[in-house]
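The values are calculated or read from the model by the stated rules, or taken from the named source; none is laboratory data. These figures come from a predicted structure and were not determined experimentally. Note: ideal-geometry Cβ built from the backbone for every residue, glycine included; neighbour counts use all protein chains shown. The accessibility values were calculated without ligands, DNA or RNA, using every heavy atom of the protein model including side chains. Shrake-Rupley method; radii C 1.70, N 1.55, O 1.52, S 1.80 Å.
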Amino acid sequence: MKEQEAAKEAAKAGKEKVNWMEIETAKWRALGAVGKLHNIVKWVRLKPHRRSAFLDLHLAELQKEDAFMLRSDNDTRWNSTRNMIQSALDQKERVIEFCAMESGLAKDALTEQDWTDLKEIMELLDPFHYLTLLGEKRGTQFGSVGSILWGMDVLLDRLEKARKMSRDTPF
């Protein structure tokens, strides 16, 4: 946050050119593991040569299975953060190796604690994903308002329990 404030003050004073990309990544980084992962995914997906470099890692191993690009989160897609985390967890070794190769990702490299946090967040988001899928079913009892309200109660209860058990995190 201090980096952002300093850059904004410098821009107001006209002292230096502000790098808005650095400000944006600093905002995301302040959110912890999910924010750092967001920055990594954006970095990889921003330029074609980065996407290729990411997909080329462990090429021999990948030829045995389907390779896929990291999924990106966005504001308008339900479960996009969950899908982003899942795609990173599925390719953990590749993400770690790519971050080690790219100096631009030095501040966003995920620690073992970050990976643990991402797994815990996935456990919290999985029921939301499941409930979303149930709500999409047409012609069944699961698409009704009654089942959605019941599901919201279950999710709220789960989040309240997780909050009580959690350590001090920004989430």
Q: Would you work out which of Ala88, Leu131, Ile121 lies farthest towards the positive end of the dipole of the stretch 74-137? Charges go on Cβ: Lys and Arg +1, Asp and Glu -1.
A: Leu131
Q: First compute the accessible area of the stretch 77-120 with a 1.4 Å probe, then give the percent of it belonging to carbon and sulfur atoms.
A: 49 percent
Q: Compare His38, His49 by solvent-accessible area with a 1.4 Å probe and give them largest first, with all protein chains kept in place.
A: His49, His38
Q) Can you give the accessible area of Glu160, probe radius 1.4 Å, in Å² rounded to 10? A) 80 Å²
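By how many nm would the segment from Leu133 to Met101 lengthen if fully extended, with 0.36 nm per residue of separation less the alpha-carbon distance?
7.8 nm
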Q: Given a cut-off of 20 Å, name the pairs among Lys36/Lys92; Lys27/Lys164; Lys42/Lys92; Lys42/Lys107; Lys107/Lys161; Lys27/Lys119 whose C-alpha atoms lie farther apart than that in the structure shown.
A: Lys27/Lys164; Lys107/Lys161; Lys27/Lys119
Q. Which value, in Å² and to the nearest 10, is the accessible area of Leu156 when all protein chains are kept and the probe is 1.4 Å?
A. 90 Å²
